[in-house]
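Remarks on the structure that follows.
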Amino acid sequence: MDGSGTSAQVLLTAAEYATLFDAPLIAVQSCSSSHIGELTAPNLAYWNTHESVKRDRLDSAVDAAITRFPALSIRTLITMNSPERVLLERAELAQLVVIGPRDDTRPQAGPILGPVGRHLLLHNPCPTMICHDPIPGPR
């Protein structure tokens, strides 16, 4: 989960599959600490504010998934480790990993697969689903 609108839709897709297979769901949000640069007070203040906003978005997306799939068990994991590492560790016991496209706001870029997605496709020990389009209305 990167906090984008697309990731909220990806979480709903993952929730639907978890419900179909009666499996628990773990929503993972990860960002390497190298993205904040040197551990200075301004960088940590930025990180804390940024993470608070991302946590709120994650909680909102999880709430929406629970509302839509009330019997589903969802846990969240927020970590400062690399997304590739965290997702591969979690995938060891997973039935399916569901990811979205790279969060790229450039209009010409379109839904492309980023480095995390490419890494998962090459190294993931379980199937990987890549969701590009938002889910249309209720199913």
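Summary of computed values
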read-out: Residue-by-residue Karplus 3J(HN,Hα) for segment 15-27, coefficients 6.51, -1.76, 1.60, Hz, glycine and proline x; value: 5, 4, 5, 4, 5, 4, 9, 6, 10, x, 10, 10, 8
read-out: Simple spin-label estimate for Tyr17 and Ser52 in nanometres, 7 Å along Cα-Cβ; value: 3.5 nm
read-out: Label-to-label distance, nm, for residues given as Thr67 and Leu121 (7 Å Cα→Cβ offset); value: 3.4 nm
read-out: Sites Ser60 and Arg90 - FRET efficiency at Förster radius 25 Å, r taken between beta-carbons, to 0.05; value: 0.70
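Coordinate-derived values only; no laboratory data. Just so you know, these numbers come straight off a predicted model, no measurement behind them. Reconstructed Cβ throughout: ideal geometry from the backbone, glycine too, with neighbour counts over all protein chains shown.
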